[in-house]
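*Asks:* Structure in structure tokens, see below.
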Amino acid sequence: MEPSTLIFIAVIAVLTFYVISLYNNLVRLKHNVSQAWANIDVLLKQRHDELPKLVDTCREHMQYESETLTRVIEARSQVASAREKQDLKSLGQAETQLRIGLGNLFAVAEDYPELKASDSFQHLQSRISGLENSIADRREFYNESVNIYNVRIEQFPDLIIARQLNFTARDLLEFKEAELTDVNIGNLFSQQ
């Protein structure tokens, strides 16, 4: 074989391995996003299972707070629906409402000493708060994974492969600003 033919074959082989490497990296990033979502989904399911127990425990002690409990139940349903559809925009909105509802519920519970003293309530409050913290941590990891993936499919030369093989951008899991505001406990108690 002639040297030019060997050089041509070597260049083709290097380009082939390079393209395969780019593709494998994109696949790995895509699966990292899916794994990060699965981690959030597990925690959302666990919290979904705990909320009815919390509502039932609160109902036993909070005769006049049906509106607060109803908001939590409705928000839980909206979160479950959005989670099943993997609709991240709706999930973010529903999560915001659920977190506000839980914040209100825990704040109103302060006015019920028997409820606060209940072992069941304390356990559920602690469990749900722990799940909330874990969801926040996983959400941060998910959004970081999505950001890395989205940047890679827009960078050259990765975008050539990404477009040819239909790698599409993923949405971030974002909550509304209302989630970040403090609950006004004074307003909660004045509504009674």
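*Asks:* Determine whether the stretch 163-180 contains at least one residue that is in a helix (DSSP H, G or I), farther than 30 Å from Gly103 by Cβ and β-branched (Val, Ile, Thr).
*Replies:* No, the stretch 163-180 contains no residue that is in a helix (DSSP H, G or I), farther than 30 Å from Gly103 by Cβ and β-branched (Val, Ile, Thr).
*Asks:* So which residues in the stretch 53-70 are surrounded by 13 or more Cβ atoms within 10 Å (Cβ to Cβ) and either modelled with pLDDT of 90 or more or assigned to a loop (DSSP other than H, G, I, E, B) (or both), if there are any at all?
*Replies:* Met62, Glu65
*Asks:* Within the stretch 115-124, is even one residue closer than 14 Å to Arg47 by Cα, in contact with a helix residue (DSSP H, G or I) (Cβ under 7 Å, 6 or more places away or on another chain) and not acidic (Asp, Glu)?
*Replies:* yes
*Asks:* For the stretch 75-92, enumerate the residues that are touching a residue at least 12 places away in the same chain (Cβ under 8 Å) and among the charged types (D, E, K, R).
*Replies:* Arg76, Arg83, Lys89
*Asks:* Quick check on Ser81: is it over 30 Å from Ile20 (Cα atoms) and either surrounded by fewer than 19 Cβ atoms within 10 Å (Cβ to Cβ) or within 15 Å of the chain's Cα centre (by Cα) (or both)?
*Replies:* Taking the combined requirement at face value, the residue satisfies it.
*Asks:* While we're on this one: Quick one: is Arg83 in contact with an Asp or Glu (Cβ under 6 Å, 6 or more places away or on another chain), over 30 Å from Ile160 (Cα atoms) and part of a helix (DSSP H, G or I)?
*Replies:* So Arg83 does not fit the description; no.
*Asks:* As an exercise: evaluate Val183 against (1) of a type in the set (Val, Ile, Thr); (2) surrounded by fewer than 12 Cβ atoms within 10 Å (Cβ to Cβ); (3) at pLDDT below 90 and give the number of the one condition it does not meet.
*Replies:* All conditions are met except number (2).
*Asks:* On to the next question. Return the only residue of Asn133, Asn166 being loosely packed, with under 12 Cβ neighbours inside 10 Å, modelled with pLDDT of 90 or more and either under 28 Å from Val55 (Cβ atoms) or within 12 Å of the chain's Cα centre (by Cα) (or both).
*Replies:* Exactly one residue qualifies, and that residue is Asn133.
*Asks:* Specify which of the listed residues (Gln78, Gln86) is under 27 Å from Glu140 (Cβ atoms), touching a Phe, Trp or Tyr at 6+ places or on another chain (Cβ under 8 Å) and either modelled with pLDDT under 90 or not hydroxyl-bearing (Ser, Thr, Tyr) (or both).
*Replies:* Result: Gln86 is the single residue among Gln78, Gln86 that is under 27 Å from Glu140 (Cβ atoms), touching a Phe, Trp or Tyr at 6+ places or on another chain (Cβ under 8 Å) and either modelled with pLDDT under 90 or not hydroxyl-bearing (Ser, Thr, Tyr) (or both).
The values are calculated or read from the model by the stated rules, or taken from the named source; none is laboratory data. Everything numeric here is computed off the predicted structure, so don't read it as measured data. Counting neighbours? That spans all protein chains shown, and the Cβs are built from the backbone with ideal geometry, glycine included.
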